[in-house]
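See structure below.
No lab work stands behind these numbers, since they all come straight from the coordinates. Because the structure is predicted, anything quoted here is derived from the model rather than measured. Cβ placement follows ideal geometry from the backbone for every residue including glycine, while neighbour counts extend to all protein chains displayed.
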Amino acid sequence: MKLGFVVVNYHSDADTLSIISDVVSCEKVENVEVKIFAVDNSKSKDFESETKKFKEVVYIESKKGNIGFAAGNNLGIKRALKDGVDIICLINNDTQAPKDLVRRIIESPITQNAVGVVGGLIYFAPGFEYHDKYQKSDKGKVIWYAGGILDWNNVYGSHRGVDEVDKGQYSSIENTDFVTGCLFIVRANVLKNVGLLNEDYCLYHEDTDLNLRIKAAGYKLIIDPRIKIWHKVAQSSGIGSPLNDYFLTRNRLLLGMKYASLRTKLALLREAFRKLFAGTPTQKQAIRDFLFHRLGKGSFLK
């Protein structure tokens, strides 16, 4: 069996090399070959040379520079599929992985034909929590994602368990509304069936869209809390930054107009037109780009 990890680098060489090293250092699993497809959106020659130190890594350069998170991952996925990978794991470059990650993935329900995607229990990396209210002993146990919840009345996705200290309250393997792209484990044949990430999103909600297409094809979306990683949250985009505001605003409209009920679509459009007059400059730009179908990188990323 071939297990391929896809990781996208954008001016974060140290973080990306760190998660590559974590994956390479995982305990070996019999009859499982691990490859890492490292996509470089920043054309970093130093990063390219460093990846060559790992025989497990396939370096992939984006010839057009920063093409966005969705397109970057798709470059890696296409190469993984070409190389005959059976299971693909999208993993954020700003994460940390334990020694048992590969084994836990192989032992998860992802090998079952009825299952399309599996996610894991994701913690804030120590020091990257949203709030400064935790005991020192809680650091590393604060949950960032323990399953996804979709609110279709408002077109918002939220993380179950976020900010809670893990005391074993999320220990069951169960269905979920969506698996975050931070750790997205999927079989190659599922992607061949439903397609890759929709590059219109560029950044944010591209994972939700893929989840919904996989679910519509009849597959289950599963959270397996035995799989664990730690996330240095929003290292690339920055929570509350203009980039964050732009893509969340635009892509919420894109997602809602594709999947929500008619009532919700009308409510989204009313909200969008209000923000065209009263929103932040970034939100106004995002809404204009949506209305004029300037998708992908839009007018925000040059």
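For the chain, modelled as a GNM with alpha-carbon contacts under 10 angstrom, which of Asp200, Asp83, Asp177 fluctuates the most?
Looking only at Asp200, Asp83, Asp177, the largest GNM fluctuation is found for Asp83.
Compute the length gained on full extension between Lys43 and Glu56: take 0.36 nm times their separation in residues and subtract their Cα-Cα distance, giving the result in nm to one decimal.
Extra length available between Lys43 and Glu56 comes to 2.7 nm.
At a 10 Å Cβ-Cβ cut-off, how would you order Ile105, Ile67, fewest neighbours first?
Ile67, Ile105
Can you give the charge dipole size of the stretch 242-291 about its Cα centre, rounded to the nearest 20 debye, using +1 on the beta carbon of Lys and Arg and -1 on the beta carbon of Asp and Glu? Write out the running numbers ahead of the final one.
Values: 10 positive and 3 negative charges, 39 e Å.
Dipole magnitude for the stretch 242-291 comes out near 180 debye.
Compute the Rg to Rh ratio over the stretch 80-168 from the alpha carbon atoms, using the Kirkwood formula for Rh, and round to two decimal places. Provide the component values of the computation, followed by the final result.
Details: Rg = 15.7 Å, Rh = 15.4 Å.
Rg divided by Rh gives 1.02.
With θ taken as phi - 60° and the coefficients 6.51, -1.76 and 1.60, list the Karplus ³J(HN,Hα) couplings across the stretch 10-27 in order, rounded to whole Hz; mark glycine and proline as x.
9, 6, 9, 4, 4, 4, 5, 5, 5, 6, 4, 4, 4, 5, 4, 7, 4, 4
To the nearest Å, what is the center-to-center distance of the stretch 103-121 and the stretch 125-177, using C-alpha atoms only?
Distance between centres, Cα-based: 20 Å.
Order by neighbour count: Lys82, Lys284, fewest other Cβ atoms within 10 Å first, most last.
Lys82, Lys284
Near the amide H of Val115, under 5 Å away, which other amide H atoms are found, from residues 5 or more places off or on another chain, if H is placed in the peptide plane?
Lys220
If the stretch 156-206 were replaced by its equivalent ellipsoid, with semi-axes equal to the square roots of 5 times the Cα gyration tensor eigenvalues, what would those be, largest first, whole Å?
For the stretch 156-206, the semi-axes come out at 26, 16, 8 Å.
For the stretch 242-291, state the semi-axes of the equivalent ellipsoid (square roots of 5 times the eigenvalues of the alpha-carbon gyration tensor), sorted largest first and rounded to whole angstrom.
Largest first, the stretch 242-291 gives 18, 12, 7 Å.
How would the chain be classified by its alpha-carbon gyration tensor: rounded, prolate or oblate, with rounded meaning a/c under 1.5 and the a/b versus b/c comparison settling the rest?
Verdict is rounded for the chain.
When DSSP assigns beta bridges and you keep just the ones with both residues in the chain, what percent turn out antiparallel, to the nearest 5?
Numbers: 18 of 43 bridges.
Expressed as a percentage, antiparallel bridges in the chain total about 40.
Which whole-number percent gives the relative contact order of the chain, counting Cα pairs below 8 Å spaced six or more residues apart? Don't jump to the answer; show the numbers that get you there.
On the way: 575 pairs, mean separation 59.3, N = 302.
Across the chain, relative contact order equals 20 percent.
At a 10 Å Cβ-Cβ cut-off, how would you order Thr280, Thr208, fewest neighbours first?
Working: Thr280 13, Thr208 24.
Sorted ascending by nearby Cβ count, the order is Thr280, Thr208.
Say R0 is 30 Å: what FRET efficiency, to the nearest 0.05, do Lys167 and Val24 get from their beta-carbon distance? Write out the running numbers ahead of the final one.
On the way: r = 32 Å, r/R0 = 1.06.
Result of the calculation: an efficiency of 0.40.
How large is log10 of I(q)/I(0) for the stretch 66-225 at q = 0.10, 0.13, 0.15 Å⁻¹ when the intensity is taken from the Debye formula with one equal scatterer per alpha-carbon?
-0.36, -0.62, -0.83
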